[in-house]
Amino acid sequence: MSGFKLTTVEEFEAATERLLETGKKVGADAWQLRVKNQTPHCRFGEQGICCRICSMGPCRITPKAPRGICGCDAHGIAGRNFLRFTAGGAATHSDHGREICRTLAHTAPDGNYKIKDPEKLIRIAKEWGVETEGKDIYDLAHEMSELAQMEYGKPHGVQRWLKRAPEHTQKLWHDAEIEPRAIDREVSTAMHMTHMGNSSKPEALVRQSLRSGMSDGWGGSMAGTEFSDVMFGTPMPIDTEANLGVMKEDMVNIIVHGHDPSLSEMICEYAEDPEMIALAKSVGAKGINVAGVCCTSNEVAMRRGIPMAGNFLQQENVVLTGACEVIVVDVQCIFPALGPLSKCFHTKFITTSPICQMPDSEFIRFEAETAGENAKKIVRTAVENFVNRRPELVHIPQLKQKATVGYSTEAIVKTLDGVTNSQVDELGTTKPLIECITSGVLRGAVAMVGCNNPRVRPDYAHIELMKKLIANDIIVILSGCSAQAAARAGLMDKEARNLCGDGLKRVCELADIPPVLHMGSCVDISRMVVLASRLAKDSGLNISQLPIVGCAPEWMSEKAVSIGNYVVATGIDTFLGVEPQVSGSDQMVWWLTEGIRDWVEAAYTIETDIEKLGDAMIARIEEKRAALGI
Ligand code: MSK
């Protein structure tokens with residue numbers, strides 16, 4: 001009999017409590033304490049009606065003061081804030097994508113970065129109308145790097161990848177004027193529109209929010225995902241483990257954290273270097289253990305099976321184990337708290353990017369040209385730090401689950417094709433998945449994404465919603481910190497199929513997949529819109545007709561808002577468990593939850609009660625099925 005059992009959120013919390021006791025002993029701060037200090041939050045900020053865009057203010061909207069000094073009302077202020085939030089997220093994801101495009105220019109047969117998926121590079125080149133015949137693959141990579149970087153600043157035209165969407169969707173985008181032009185331009189336009197004395201009309205601000213989000217999902221993030229696959233390999237199913245128990249007491253622990261795989265890939269390479277392993281043994285360790293946090297973790301788990309220590313709100317926990325020799329970060333979602341926290345332990349906190357520099361960190365500048373040397377230096381630093389551990393502070397919670405990860409779009413199609421042998425071209429077809437949905441074996445699909453947020457009991461919403469959905473025969477695809485919540489709980493163990501309804505359980509058995517599929521990091525949500533596009537094309541339906549929805553139950557970052565905007569703009573109804581900061585404007589709430597449906601055939605639903613959020617998603621999926629008569 002299988003001994004499989006999910007790890008509960010209560011067990012996560014007990015483990016964290018134990019770690020916080022260690023923290024108290026060494027005088028460490030923690031996010032749990034800082035949340036208390038910051039509560040209650042500023043109501044003006046929560047409602048999006050504080051304007052800090054010029055120095056006549058700040059202006060705050062109240063019944064007594066319904067307009068700012070320039071005369072802007074709550075709707076204009078909340079709208080501008082929402083657009084700036086989106087632009088922040090779009091810029092961040094897209095700059096990550098740009099770095100990946102730049103790294104592509106440094107690929108060489110004998111260099112640090114190689115081409116691991118040449119077929120994918122050739123496919124993209126053909127898609128972009130680039131001649132591939134007789135070209136050396138590295139020459140082609142360099143040419144594509146140049147072209148991809150041009151997408152950020154080209155003076156004419158719209159994003160090349162929009163053509164991946166069904167024609168109906170492309171027409172909606174064109175008619176609504178939300179086709180993204182150059183990626184940087186959409187961020188600049190957003191900043192320009194929200195400068196003092198420009199747009200204050202919610203409709204215009206929401207339209208640009210969608211366009212700016214589109215420049216991320218169908219531009220910068222897509223570049224990040226696609227060219228990462230070209231260089232580091234397109235993910236295919238692979239087994240790994242998740243939760244803090246993946247850290248090892250008798251080994252040198254290196255934690256990689258952030259988003260850009262260019263750094264973490266190199267760290268993983270050098271952690272396997274025999275010279276480094278011999279050095280680790282010489283200092284009394286059994287070897288070198290690399291584990292991940294946040295989306296960097298997703299990247300290396302999907303491609304290498306590197307274990308996942310935790311998600312966003314676990315980042316302090318890895319240091320609190322007292323067994324972390326180095327936490328090395330690249331960009332995004334990194335708590336500045338890691339600096340002072342690591343000083344309470346022997347841990348070295350290493351920052352590597354000029355984009356992300358923090359006090360109390362050691363800065364080792366990581367560059368494509370010198371990536372090998374940089375990575376080796378970081379691994380060596382970790383190994384040499386092993387002897388500085390304070391054994392009395394070491395406690396690694398013994399929580400760990402098995403997980404099968406690596407479900408890129410290509411992997412999902414290939415896995416399901418394998419069940420029916422219906423392969424029709426090199427990319428396969430999504431028809432088996434469509435048949436499962438139309439026959440009712442599966443009721444539909446939910447793309448669950450996003451962060452943790454202390455406003456919601458961490459991980460609880462992700463895990464409870466997933467359990468509810470799979471019990472109702474709804475397959476769940478995941479990315480970002482949502483994926484890690486699932487893996488830590490055990491929902492990516494194939495044994496979790498026993499928690500499914502009969503239909504999904506049967507599909508999981510036939511295809512040999514877990515009931516929730518790990519599609520990658522937060523930039524990889526671009527995989528999800530590509531999959532939705534392929535489902536629509538293969539079924540002859542519009543994306544908005546498919547019984548699929550998106551959900552971000554614990555979102556917190558600007559990137560999440562940008563993501564939400566491009567997912568909705570793609571025609572996928574999106575459900576939020578944390579309110580966007582627009583509630584001070586009924587007009588903004590209307591535009592986001594109803595008004596945009598006229599443009600893109602989808603809109604947001606906001607519901608902070610998790611039970612009701614789950615019910616609302618199931619109801620929407622069933623409505624879509626009923627409309628199709630299936
Ligand atoms: S890391 S953006 S907390 S998903 Fe991508 Fe997690 Fe959200 Fe960061």
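Things to note:
- Restricting the stretch 142-191 to residues that are aromatic (Phe, Trp, Tyr) and part of a helix (DSSP H, G or I), the residue that is farthest from Tyr566 (Cα to Cα): Trp161
- Take the conditions (1) within 16 Å of the ligand (Cβ to nearest atom); (2) of a type in the set (S, T, N, Q); (3) without any contact (Cβ under 8 Å) to a residue 60 or more places away in the chain; Ser544 misses just one of them, which is (1).
- Residue that is β-branched (Val, Ile, Thr), in contact (Cβ under 8 Å) with a residue 40 or more places away in the chain, within 15 Å of the ligand (Cβ to nearest atom) and surrounded by fewer than 22 Cβ atoms within 10 Å (Cβ to Cβ), where the choices are Ile355, Ile334: Ile355
- Scan of the stretch 445-470 for residues that are open to solvent by less than 10 Å² (accessible area, probe 1.4 Å) and farther than 26 Å from Val507 by Cβ, ordered by number: Asn452
- Set side by side, the residues Gly595, Gly550, Gly584, Gly571 differ, and just one is of a type outside the set (Ser, Thr, Tyr), at pLDDT 95 or above and within 16 Å of the ligand (Cβ to nearest atom), which is Gly550.
- Residue in the stretch 481-510 that is nearest to the ligand (Cβ to nearest atom), counting only those that are small (Gly, Ala, Ser), part of a helix (DSSP H, G or I) and out of contact with any strand residue (DSSP E or B) (no Cβ under 8 Å at 6 or more places or on another chain): Ala485
- Checked against the criterion of being under 30 Å from Glu151 (Cα atoms), open to solvent by 40 Å² or more (accessible area, probe 1.4 Å) and at pLDDT below 95, the candidates Asn112, Asn81 yield just one match: Asn112.
- Selection status of Asn565, touching a His at 6+ places or on another chain (Cβ under 7 Å) and touching a residue at least 24 places away in the same chain (Cβ under 8 Å): no
- The stretch 391-416 - residue that is touching a strand residue (DSSP E or B) at 6+ places or on another chain (Cβ under 7 Å) and open to solvent by 40 Å² or more (accessible area, probe 1.4 Å) and, of those, nearest to Lys120 (Cα to Cα): Lys402
- Of all residues in the stretch 518-535, exactly one satisfies the criterion of being open to solvent by 10 Å² or more (accessible area, probe 1.4 Å), within 16 Å of the ligand (Cβ to nearest atom) and of a type in the set (A, V, I, L, M), namely Met528.
- Residue list for the stretch 1-46, restricted to those being open to solvent by less than 50 Å² (accessible area, probe 1.4 Å), among the polar types (S, T, N, Q) and within 28 Å of the chain's Cα centre (by Cα): Thr7, Thr16, Gln32
- Sole exception among (1) within 16 Å of the ligand (Cβ to nearest atom); (2) at pLDDT 95 or above for Pro274, by number: (1)
- Identity of the residue in the stretch 293-328, within 21 Å of Lys348 (Cβ to Cβ), open to solvent by less than 10 Å² (accessible area, probe 1.4 Å) and part of a loop (DSSP other than H, G, I, E, B), that ends up farthest from the ligand (Cβ to nearest atom): Gly322
- Residues that are among the hydroxyl-bearing types (Ser, Thr, Tyr) and in a helix (DSSP H, G or I), drawn from the stretch 1-56: Thr16, Thr22
The values are calculated or read from the model by the stated rules, or taken from the named source; none is laboratory data. Note that this is a predicted model, so its numbers are computed, not measured. FYI the Cβ positions are ideal-geometry reconstructions off the backbone, even for glycines, and counts take in every protein chain you see. Only protein heavy atoms, including side chains, enter the accessible area calculation; ligands, DNA and RNA are left aside. Shrake-Rupley method; radii C 1.70, N 1.55, O 1.52, S 1.80 Å.
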